[in-house]
1. Given the condition exposed (fewer than 10 other Cβ atoms within 10 Å of the Cβ) and under 17 Å from the mean Cα position of the chain (by Cα), answer yes or no: does some residue in segment 2-16 qualify?
2. Mind checking which pairs have a first residue in segment 1-20 that is farther than 23 Å from Ser42 by Cα and a second that is exposed (fewer than 10 other Cβ atoms within 10 Å of the Cβ), Cβ under 6 Å, 6 or more apart or different chains?
3. What are the residues in segment 55-68 that are surrounded by fewer than 10 Cβ atoms within 10 Å (Cβ to Cβ) and either at pLDDT 90 or above or of a type in the set (Asp, Glu) (or both), if any?
4. Return the residues of segment 69-92 that are open to solvent by less than 90 Å² (accessible area, probe 1.4 Å) and modelled with pLDDT under 80; say none if nothing qualifies.
5. Look at Val88 and say whether it is aliphatic (A, V, I, L, M) and under 23 Å from the mean Cα position of the chain (by Cα).
6. Within segment 17-42, can you find the residues that are surrounded by 10 or more Cβ atoms within 10 Å (Cβ to Cβ) and among the β-branched types (Val, Ile, Thr)?
7. Take segment 43-54 and flag every residue that is open to solvent by less than 100 Å² (accessible area, probe 1.4 Å) and either at pLDDT 95 or above or outside any loop (DSSP other than H, G, I, E, B) (or both).
Amino acid sequence: GFWHSPECEFVRLCIGRSQEAVEGRVRLAVLKGQVYVLGRESPRSLYNEELVSMNVQGDYEPADATGFININSLRLKEYHRLQSKVTVKQDE
């Protein structure tokens, strides 16, 4: 319903901008109306197994995940607290 709105134009521009550096190949299988990703590869992939693996020695410790989760949960908890206040006021 808002295809020609400024908000939709903004979202389309954001999506387009986010995809400018995307390149690579994706292998798919289609079977009985389902699509399955069989593999993907990209010369510009940001994934680096050495950075994300806890089996490889590096600067990342499993305890770091707990801190990350705690910090992000603060903003999410506050967001939901504020959303519940807005919902209550709308219901009154």
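The values are calculated or read from the model by the stated rules, or taken from the named source; none is laboratory data. No experiment lies behind these values; they were computed from the predicted model shown. Don't worry about glycine lacking a Cβ; one is built from the backbone with ideal geometry, like all the others, and counts go over all protein chains shown. Ligands, DNA and RNA are excluded from the accessible area calculation, which covers all protein heavy atoms including side chains. Shrake-Rupley method; radii C 1.70, N 1.55, O 1.52, S 1.80 Å.
1. There is at least one residue in segment 2-16 that is exposed (fewer than 10 other Cβ atoms within 10 Å of the Cβ) and under 17 Å from the mean Cα position of the chain (by Cα).
2. Cys8/Phe2
3. Once the filter is applied, which keeps residues that are surrounded by fewer than 10 Cβ atoms within 10 Å (Cβ to Cβ) and either at pLDDT 90 or above or of a type in the set (Asp, Glu) (or both), segment 55-68 yields only Asp59.
4. Val86, Thr87, Val88
5. No: the conditions fail for Val88.
6. Correct list: Val26 only.
7. Matches in segment 43-54: Val52 only.
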